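Heads up: the structure comes next, in C-alpha cells.
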Amino acid sequence: MAKDLSAPVGVMDSGLGGVSVLLELVRLLPHEHFIYYGDSAYAPYGDRDPETIKTRALFCAKQLYDSGAKALVVACNTATGVAIKDIRETFSDIPVIGIEPAIKPASMQTDSPRVVVMATPVTLRQGKFQELIGRFTDRADIIPVPCRGLVELIEAGILEGPELEKAVSDCLFPVLSPVPDSIVLGCTHYPLIKETIGKAVFDLCGRHVPLLDGGEGTARQTMRLLDQNGLLNPGPEEGRILWRTSARDGTEDRYKAFFARRRKETA
Ligand code: DGL
C-alpha cells in the first residue's frame with residue numbers, strides 16, 4: 001500500500017511537557033502535520049508505578065496510531081524509560097522515537113565535567129537510565145536529582161513566580177556545590193520553565209550554568225527516521241497541529257495557546 005506522506009506525526013506526553021519537543025519538531029519539520037496527545041488526566045507520571053505508566057503510555061500511543069499517525073514521538077522521558085519497548089512492539093509497523101536525558105552531550109562538553117541531571121523519580125529508577133549513565137561515568141561526574149513537585153506546578157499552569165522558584169531551588173540546592181558544568185533537563189516539562197531554573201541556579205551559585213535538553217536531538221532523530229522510511233512530507237504547504245487530551249475539555253486549548261506563545265517568543 002502506498003504510504004500517506006501527509007499523515008500526521010503523533011507526539012505524546014503525560015501532559016503539557018511534550019510541547020517543548022513539539023516546538024523543536026515544528027522548527028525542523030515545517031511541512032509535517034502533527035497530532036499531539038497530552039495525558040493530563042493522569043499527569044504526573046513521575047511518581048506512579050511503572051505498570052500504570054505502561055498502560056497509560058500504550059493507551060496514548062493507540063489514540064495516535066488510530067488517528068492515522070505515520071510515526072510516533074514519545075516526548076516523555078518517563079514513558080520512554082518505562083514503555084518504549086512495549087510501544088515499539090505493539091506499533092511495529094511505524095517508526096517510534098523516544099527521548100532520553102541529554103547526558104551524552106553534557107558529558108562531552110569539557111574534560112571530566114560535573115553534570116547534574118534533573119528528572120522524575122521514575123525516570124531515574126529505570127534500568128534504561130542506569131545504562132545511559134553507565135556509558136559516561138568514566139568521563140563525567142553525573143549527579144541525578146529526583147525533582148518532585150515541579151510537574152504538578154507546571155500542569156497547574158504555574159510557569160513562573162515565587163512558588164515555582166522555591167520548588168526549583170529546593171530541588172537544586174543540595175547539588176550546586178561545587179558548581180556543575182551543566183544541568184540536564186531530563187523531563188520534557190522542565191524546558192518550559194527554563195528561565196526559572198536558570199534564575200534559581202544563578203541566585204544559588206552566582207554563575208550561569210548551561211541547561212541542556214533532549215528536544216532538538218529527538219527532533220533530529222525523528223527527521224532521520226522519517227527520511228529513512230520514505231515518510232517525509234515534501235510540502236509545499238505548512239503543517240497543521242491537532243490537539244488532543246485525556247483531561248477535561250479546554251485542556252487542549254491550553255496546550256495550543258502555550259505552544260503559540262512560546263513559538264512567538266522564540267521566533
Ligand atoms: N514530561 C515527562 C517526562 O519527560 C513526564 C513528567 C511527569 O508526568 O511526571 O518525564
### Message
Arg220 - would you say it is over 17 Å from Leu72 (Cβ atoms) and out of contact with any helix residue (DSSP H, G or I) (no Cβ under 6 Å at 6 or more places or on another chain)?
### Response
no
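Determine, yes or no, whether Val9 is closer than 27 Å to Thr266 by Cβ, away from the ligand (no atom under 15 Å from the Cβ), in contact (Cβ under 8 Å) with a residue 24 or more places away in the chain and in contact with a strand residue (DSSP E or B) (Cβ under 9 Å, 6 or more places away or on another chain).
Yes.
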### Message
Of all residues being buried (at least 24 other Cβ atoms within 10 Å of the Cβ) and over 16 Å from Asp213 (Cβ atoms) in segment 15-37, which is nearest to the ligand (Cβ to nearest atom)? Just the residue, please.
### Response
Gly15
#### Entry: Any chance Ile197 is touching a His at 6+ places or on another chain (Cβ under 6 Å) and crowded, with 17+ Cβ neighbours inside 10 Å
no
### Query
Does Arg240 fit the bill of being of a type in the set (Lys, Arg), more than 19 Å from the chain's Cα centre (by Cα) and at pLDDT 95 or above?
yes
### Query
Taking helices (runs of 4 or more DSSP H) that fall entirely within segment 152-265, which contain at least 2 residues that are within 16 Å of the ligand (Cβ to nearest atom), touching a residue at least 24 places away in the same chain (Cβ under 8 Å) and not β-branched (Val, Ile, Thr)?
162-172, 215-228, 251-265
#### Entry: Residue in segment 43-79 that is farthest from the chain's Cα centre (by Cα), counting only those that are among the aliphatic types (A, V, I, L, M) and either on the phi > 0 side of the Ramachandran plot or away from the ligand (no atom under 14 Å from the Cβ) (or both)
Ala69
### Query
Only one of (1) in contact (Cβ under 8 Å) with a residue 12 or more places away in the chain; (2) of a type outside the set (Lys, Arg); (3) more than 10 Å from the ligand (Cβ to nearest atom); (4) over 26 Å from Val175 (Cα atoms) is not met by Ser40, so which one is it?
(3)
### Query
Residue check, Lys3 against (1) at pLDDT 95 or above; (2) under 17 Å from Gly235 (Cα atoms); (3) assigned to a loop (DSSP other than H, G, I, E, B), all met but one. Which one?
(1)
### Query
Are there any pairs, at least 6 apart or on different chains, whose C-beta atoms fall under 9 Å, with the first in segment 119-135 and farther than 17 Å from Lys54 by Cβ and touching a residue at least 12 places away in the same chain (Cβ under 8 Å) and the second within 16 Å of the ligand (Cβ to nearest atom) and aromatic (Phe, Trp, Tyr), and if so, which?
Ala119/Phe129; Ala119/Tyr190
### Matching residues, segment 61-71, being crowded, with 21+ Cβ neighbours inside 10 Å, touching a Lys or Arg at 6+ places or on another chain (Cβ under 9 Å) and not basic (Lys, Arg)
Leu64
#### Entry: Filter result (among the hydrophobic types (A, V, I, L, M, F, W, C) and touching a Lys or Arg at 6+ places or on another chain (Cβ under 6 Å)) within segment 76-93
Val82, Ala83
### Residues within segment 88-105 that are crowded, with 24+ Cβ neighbours inside 10 Å and either away from the ligand (no atom under 16 Å from the Cβ) or under 15 Å from Gly10 (Cβ atoms) (or both), tallied
2
## Note on the structure
From the option list Leu212, Leu176, Leu172, Leu225, single residue qualifying as among the aliphatic types (A, V, I, L, M) and closer than 23 Å to Thr266 by Cβ is Leu212
### Message
Given the criteria farther than 23 Å from Leu16 by Cβ and polar (S, T, N, Q), does Gln228 qualify?
### Response
yes
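Taking the conditions exactly as written (in contact with a helix residue (DSSP H, G or I) (Cβ under 9 Å, 6 or more places away or on another chain), part of a loop (DSSP other than H, G, I, E, B) and more than 12 Å from the ligand (Cβ to nearest atom)), does Ile133 satisfy them or not? Please lay out each step first, then the result.
On the way: in contact with a helix residue (DSSP H, G or I) (Cβ under 9 Å, 6 or more places away or on another chain): yes; part of a loop (DSSP other than H, G, I, E, B): no; more than 12 Å from the ligand (Cβ to nearest atom): yes.
So Ile133 fails the test.
The values are calculated or read from the model by the stated rules, or taken from the named source; none is laboratory data. Please read all numbers here as calculations on a predicted model, not as lab measurements. So basically every Cβ, Gly included, is an ideal-geometry build from the backbone, and we count neighbours across all protein chains shown.
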